[in-house]
Amino acid sequence: MERSLSMEIVRVTEAAALSSARWMGRGKKEEADDAATEAMRTVFDTIPMEGTVVIGEGERDEAPMLYIGEELGTRSGPEVDIAVDPVEGTNIVAEGSWNALAVVAIADRGKMLHAPDMYMQKVAVGPEAVGKIDLNASVTENLKAVAEAKGKDVEDVVAVVLNRPRHQEIIDEIRAAGARIKLIPEGDVAGAINTAFDHTGLDILFGEGGAPEGVLAAVGLKCLGGEIQGRLKPKNDEQIERCHRMGITDVDKVLKMEDLCGGDDAIFAATGITDGELLKGVQFKGSKATTETIVMRAKSGTVRFIDGKHSLNKKPDLVIKE
């Protein structure tokens with residue numbers, strides 16, 4: 001995988017964030033998602049690579065662009081698999097709330113799990129607690145393990161959980177253990193990634209969220225030296241059959257980092273659409289706009305925060321200038 005792809009996909013997430021942010025707080029999540037998807041697709045076409053979407057906006061008959069199996073790039077350059085979430089948190093954008101992101105992850109061909117669109121049980125942590133968590137262990141046991149790994153009391157641990165009725169038992173157990181909780185309305189990619197940064201104040205993520213988002217989070221945490229474990233949670237025979245069609249024969253298997261994103265290289269980029277703990281959202285200032293992006297590469301361990309300034313009177317810079 002070429003190093004230049006890191007900066008190329010920054011242009012992709014920036015374009016998606018700029019387009020989606022126009023719909024912030026306007027109550028129209030589909031329009032926000034469509035705007036981001038179209039902007040992403042346009043920029044992808046300019047990137048020198050042979051990319052294939054393995055996690056996208058849906059099957060070909062469900063999505064007009066960025067569908068699973070779609071080929072992206074100029075068809076010259078490295079062969080890569082691509083996972084996209086043009087708007088992680090469409091309701092967040094529609095409501096003008098916290099932590100919406102435009103996200104892209106790429107890995108060498110065949111190294112990323114082709115995750116079906118269903119729930120995945122997850123537990124995720126940053127680098128200090130790698131090797132200490134276990135999806136098969138209780139919530140309390142994982143909280144104690146993370147507290148020990150980070151040299152703090154359980155009472156000082158903060159767990160991030162999607163605010164859903166299905167998580168009430170998890171929430172009750174976290175509270176009974178004495179730990180603290182940050183409930184989030186959407187966006188468990190951001191929730192998982194944030195566990196790897198001290199200044200976010202988050203230590204561990206629990207709960208069931210989207211399986212595609214689990215793979216995106218795995219790529220981000222691979223770059224950061226963190227860890228996520230997952231287990232697919234199909235709800236019916238149709239979803240089980242879908243797993244089998246995508247090459248997943250054991251749906252009860254605990255998926256580790258190498259299962260979710262294998263190999264020694266991967267790239268992850270996310271641009272803030274709305275403000276969050278990690279990234280500022282898009283701000284429009286007359287004829288200018290600003291963005292904040294994180295881009296990371298697993299092979300080098302490099303993590304960059306990029307402040308972008310964009311002229312709204314000109315077409316986006318679709319070609320990186322030497």
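Values as computed for the structure displayed
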| read-out | value |
| --- | --- |
| Residue-normalised accessible area of the chain, expressed per residue, 1.4 Å probe, Å² | 44 Å² |
| Mean ellipticity per residue at 222 nm, deg cm²/dmol - from DSSP H runs of n ≥ 4 across the chain, formula -39500 (n - 2.57) | -9000 deg cm²/dmol |
| Label-point separation, GLN283 to SER76 (7 Å along Cα→Cβ), nm | 4.1 nm |
| Angle in degrees between helix 168-177 and the longest Cα principal axis of the chain, rounded to the nearest 10 | 60 degrees |
| Carbon/sulfur fraction of accessible area - the chain, other protein chains in place, 1.4 Å, % | 45 percent |
| Long-range amide H partners of THR74 with built H, under 5 Å | ILE47, MET49 |
| 5 angstrom amide H check on THR302, placed H, neighbours 5+ away | ARG297 |
| Exposure of GLU70 as accessible area (Å², to 10), given a probe of 1.4 Å and all protein chains | 10 Å² |
| Solvent-accessible surface (1.4 angstrom probe) belonging to GLU213, in square angstrom, nearest 10 | 50 Å² |
| Distance in nm between pseudo-label sites at LEU312 and ILE240 (7 Å out along the Cβ direction from Cα) | 5.3 nm |
| In degrees, nearest ten, helix 5-21 long axis to first principal axis of the chain (Cα) | 90 degrees |
| Cα-centre dipole for the chain with unit charges at Cβ (Lys and Arg positive, Asp and Glu negative), debye to 20 | 900 debye |
| Burial order of peptide ranges 104-113, 252-261 (average beta-carbon count within 10 Å, highest first) | 104-113, 252-261 |
| Amide H partners (placed H, <5 Å) of VAL123, local residues excluded | GLN229 |
| Highest-MSF residue in the chain out of GLY151, GLY73, GLY96 [GNM, Cα springs under 10 Å] | GLY151 |
| Overall form of the range 43-84 per C-alpha gyration tensor (a/c, 1.5; a/b vs b/c) | prolate |
| Between helix 211-224 and the chain: long-axis angle, C-alpha atoms, 0 to 90°, nearest 10 | 90 degrees |
| Cα gyration tensor category, rounded, prolate or oblate, for the range 132-225 with a/c compared to 1.5 | oblate |
| Pairs of lysines in the range 119-260 (C-alpha under 21 Å apart; 8 or more residues apart or interchain) | 26 |
| Charged-residue dipole, Cβ positions (Lys, Arg, Asp, Glu), the range 1-123 about Cα centre, Debye nearest 20 | 380 debye |
| Cα pair distances in the chain, grouped into 20 Å bins until the bin that holds the longest one, percent each | 34, 59, 7 |
| Gap separating the Cα centres of the range 50-81 and the range 102-161, nearest whole Å | 28 Å |
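The values are calculated or read from the model by the stated rules, or taken from the named source; none is laboratory data. Just so it is clear, the structure is predicted and the values come from calculations on it, not from any experiment. FYI the Cβ positions are ideal-geometry reconstructions off the backbone, even for glycines, and counts take in every protein chain you see. Keep in mind that these areas ignore ligands, DNA and RNA; they rest on the heavy atoms of the full protein, side chains included. Shrake-Rupley method; radii C 1.70, N 1.55, O 1.52, S 1.80 Å.
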